[in-house]
Amino acid sequence: MQTITIDTVLDELINQQQLPLEEVLDRYFSPDYLQRTNGCQEDRQGFAHHARKLREICTCARIDVLDELRTGNRYATRHRVLCTKRDGSEVVMEVYMFAEMDDCGRFLRVDETTLMLEGTERDRGLGSAR
């Protein structure tokens, strides 16, 4: 079973855009993946739309893991993402994430809440942009 970290996953999703998105999703997300962000739930297909949108909006991101806890198949973090958008502006989000991993170590379920620390009102929905 692989042990993945949120900074590795987000790095591949946002910073390594030359990697095919489906390859990244297959490596880190179960086919049965479910995510709830700020109360909005989506399946893996919906998350794929979100990841594509992030790749359109962001040129790069810096991920700082502030707190991390792993026990059994549960994984939780508090992390900050500094996203540089294609127009040069920056958005900083703090994310509180609670996850369950599948038997292969991929994300099976994620529940998260985001808090925008820097950015415009239009950026507030970046954590669930589609």
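We did not get these values from a lab; they are worked out from the coordinates using the rules stated. Since this is a predicted model, take the numbers as computed values, not measurements. So basically every Cβ, Gly included, is an ideal-geometry build from the backbone, and we count neighbours across all protein chains shown.
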Problem set entry | Column: log10 I(q)/I(0), Debye, Cα scatterers of the chain, q = 0.18 Å⁻¹ | -0.98
Seminar exercise, completed: So for the stretch 2-79, using the alpha carbon gyration tensor with a ≥ b ≥ c as root eigenvalues (a/c under 1.5 gives rounded; past that, a/b versus b/c decides prolate or oblate), I'd call it rounded
For this session: Please get the size of the charge dipole for the chain, origin at its Cα centre, with Cβ charges of +1 on Lys and Arg and -1 on Asp and Glu, quoted in debye to the nearest 20.
Result: 220 debye
Seminar exercise, completed: In the chain the DSSP beta bridges are antiparallel at a rate, in percent to nearest 5, of 90 percent
Exercise. For the chain, what is the calculated [θ] at 222 nm in deg cm²/dmol (nearest 500), taking -39500 (n - 2.57) for each run of four or more DSSP H residues and dividing by its residue count?
Worked result: -6000 deg cm²/dmol
Seminar exercise, completed: Pseudo-spin-label distance residue 19 to residue 90, built 7 Å along Cα→Cβ, given in nm, is 2.4 nm
